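The values are calculated or read from the model by the stated rules, or taken from the named source; none is laboratory data. All values reported here derive from a predicted model rather than from experimental measurement. Here the Cβ positions follow ideal geometry from the backbone for every residue, glycine too, while neighbour counts run over all protein chains shown.
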Amino acid sequence: MPVFCQIDDKHIPLSRIVWISDLPHFCGDADCQCEGQYEIRLESSESVWASLTEHDTAVEALQAWLLGQEQEDESN
């Protein structure tokens, strides 16, 4: 069962993820460097920005981690 997912060059503990954006960021600001990337919100109002592949990997890892926790709870 995974405990981390890699976003950019960071290994993020799955337990720190609060939510994952389903749509890519778009603000229209010419200086925005997050345009087209997906926000992954962490504890303490921190965010990391992910590509589509990283987004999908993070969602899958989080689902597997949460399903693993549910199965452990049911067996106890």
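Key figures
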| read-out | value |
| --- | --- |
| Candidate set: region 23-58, residues that are of a type in the set (A, V, I, L, M, F, W, C) and touching a helix residue (DSSP H, G or I) at 6+ places or on another chain (Cβ under 7 Å); chosen: the one nearest to D8 (Cα to Cα) | A50 |
| Count - residues of region 29-44 that are at pLDDT below 95 and surrounded by 14 or more Cβ atoms within 10 Å (Cβ to Cβ) | 2 |
| Neighbours by Cβ (under 9 Å, 6+ apart or cross-chain): first from region 43-55, more than 12 Å from W19 (Cβ to Cβ) and without any contact (Cβ under 8 Å) to a residue 60 or more places away in the chain; second in a helix (DSSP H, G or I) and of a type in the set (A, V, I, L, M) | A50/A58 |
| Number of the exception - P24 against (1) without any contact (Cβ under 8 Å) to a residue 24 or more places away in the chain; (2) over 23 Å from A64 (Cβ atoms) | (1) |
